[in-house]
Amino acid sequence: MTEIRDKITNLIQPSKNYVVALSGGVDSSVLLHVVKTLTPNVRSLFVNHNQQDSNSLQKSAEKFAGIMNVEHTSLETELELGASETKMREARYQLLFSNLMSDEVLLLGHHHDDKIETFLMNLFRGTRLKGLLSIKQKSQNILRPFTEIKKTSIIEYAKQNDIKFVEDSSNKDNSVLRNWLRNELIPDIEKNFKGDLNSKIQNLILEIEELTSNQKKLTPYIKHANGYLEIPISLINKNDSRTYYLASVVSHLIGQEGLQTSDLEKIFLSKESSGRSSFFQNWSVSRQSGLLIFINKNMWNTSDQLLATRGYFNFTTEKSTNLLSNWSYSLPNYLRKEIYISEISNGDLFKTEKNTQKVSEIFRSYGINKSLREVWPVLKLKDTILWIPGIRKSSEGKWLETQKDKFIISASVEKDKIENF
């Protein structure tokens with residue numbers, strides 16, 4: 001059967017490296033089979049959710065990966081039996097992305113029927129217009145080659161190529177929302193209304209894409225870095241299509257499947273207050289000056305290297321500079337291996353020429369909100385803070401700048417625009 005292969009040939013580039021999220025079921029098994037015929041640069045990952053059929057699904061995935069002669073890894077979650085679909089999805093993506101290399105593209109087996117189910121789920125959850133675009137084929141380092149392929153075609157391909165797979169028994173449990181949609185609601189709708197429901201929703205998705213296309217000129221106002229997103233508060237207003245579009249873009253960028261009404265409420269609350277709200281997984285939302293900011297502090301400090309990028313802060317070393325400011329710091333070479341950069345800790349003190357202050361008070365006096373205080377990098381020598389990049393240097397830090405045989409650390413802020421969402 002060449003239909004599926006022909007439809008996804010242009011999506012797979014042999015020069016790239018791919019990772020198939022192999023579940024042991026039919027969709028991902030067919031996906032691995034097709035991709036392997038298009039490129040040798042593919043491996044597979046299985047995530048064990050510790051549920052009723054997880055072990056049999058794992059064996060199925062491992063056996064099929066062996067048949068396809070691809071490198072395969074099984075990953076274990078710590079979920080309890082009976083975990084919700086939401087918890088399983090969150091754990092699955094966390095493990096998949098933690099195992100993904102920077103030059104690899106993650107391939108997921110979502111197909112045309114999944115788009116329809118996700119559309120309805122997002123609609124009933126109260127998502128805004130862009131959330132109804134359902135599952136995107138491409139997003140960052142994720143590719144879903146089967147989004148235009150129907151389930152019946154996938155099953156037919158598996159039969160013709162003698163692909164063995166395991167059917168997850170939980171798919172028949174209609175207490176799970178997606179299963180209820182698939183097994184009961186959608187068949188009832190198709191029974192009582194003329195016309196193909198899939199085609200109707202697909203046409204509606206295309207119309208939404210057209211309606212939102214003129215909003216894309218707003219995306220450059222969203223700036224981002226690792227674990228950070230910002231939007232000008234002036235663009236956030238209730239009953240404003242621009243706001244719903246921008247919020248949907250943010251929702252997609254941080255990994256949500258769809259923006260919900262409760263998410264919009266958190267955004268509007270953060271605009272009107274000085275506090276912060278938990279937004280999604282490890283992301284929080286708050287306001288900073290004229291910006292609405294989204295921060296995932298777990299993504300800021302991922303390296304022990306002195307010059308590692310931290311959020312939107314970049315660090316470099318120089319031998320000399322024409323101007324020393326709060327964005328660069330000079331210190332003796334003999335301390336090069338003893339200094340380090342980290343976030344502040346509770347009770348950290350900062351010595352000025354006149355007194356000693358809590359570092360949190362220094363940040364507060366400069367108008368830095370709590371979310372940014374928790375991730376703002378500082379330069380330390382043992383437990384002593386020498387330099388708060390972009391803000392000020394301690395009295396000890398200034399004294400070290402007077403010493404000889406020095407090297408210079410420079411800090412800069414780099415935020416990218418969202419140009420091609």
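Kirkwood radius, the stretch 297-390, all distinct C-alpha pairs, inverse of mean reciprocal distance: 14.2 Å. Taking trypsin sites (Lys or Arg not before Pro) across the stretch 353-405, the ones in a DSSP loop with at most 10 further Cβ atoms lying within 10 angstrom of their Cβ are Lys354, Lys382, Lys404. Residues whose amide H lies under 5 Å from that of Tyr18, counting only those 5 or more places away or on a different chain, are Val42, Arg43, Val105; hydrogens are built 1.01 Å from N in the peptide plane. Using the alpha carbons alone, the radius of gyration of the stretch 343-421 stands to its Kirkwood radius in an Rg to Rh ratio of 1.05.
Farthest toward the positive end of the dipole of the chain, out of Leu229, Gly82, Gln256, is the Cα of Leu229, where the dipole comes from beta carbon charges about the Cα centre. Take each peptide in 330-337, 97-104, 152-159, count the other Cβ atoms within 10 Å of every residue, and average; sorted highest first, the result is 152-159, 330-337, 97-104.
Hey, what number do you get for the chain at 222 nm if only DSSP H runs of n ≥ 4 count, each worth -39500 (n - 2.57), divided across all residues, to the nearest 500?
-10000 deg cm²/dmol, from helical runs alone.
Of all aspartates and glutamates in the structure, those lying under 14 Å Cα to Cα from Lys398, and not within fewer than 8 positions of it along the same chain, are Glu353. Among the listed options (1) 0.95; (2) 1.16; (3) 1.02, the one matching Cα Rg over 2.2 N^0.38 Å as calculated from these coordinates is (2). Rounded to the nearest 20 debye, the dipole magnitude of the chain is 1360 debye, with +1 charges on Lys and Arg beta carbons, -1 on Asp and Glu beta carbons, and the Cα centre as origin. With kT/(6 pi eta Rh) evaluated at 20 °C and eta = 1.002 mPa s, and Rh the Kirkwood radius from Cα pairs, the stretch 215-299 diffuses with a coefficient of 169 µm²/s according to Stokes-Einstein.
An ellipsoid equivalent to the stretch 3-209, defined through the eigenvalues of its Cα gyration tensor, has semi-axes of 27, 21, 18 Å when rounded to whole angstrom and sorted largest first.
Each value in this text was obtained by applying a stated rule to the coordinates, not by laboratory testing. Here the structure is a predicted model, which is why all the values come from computation and not from measurement. Using ideal geometry, Cβ is built from the backbone for each residue, glycine included, and neighbour counts are taken over all protein chains shown.
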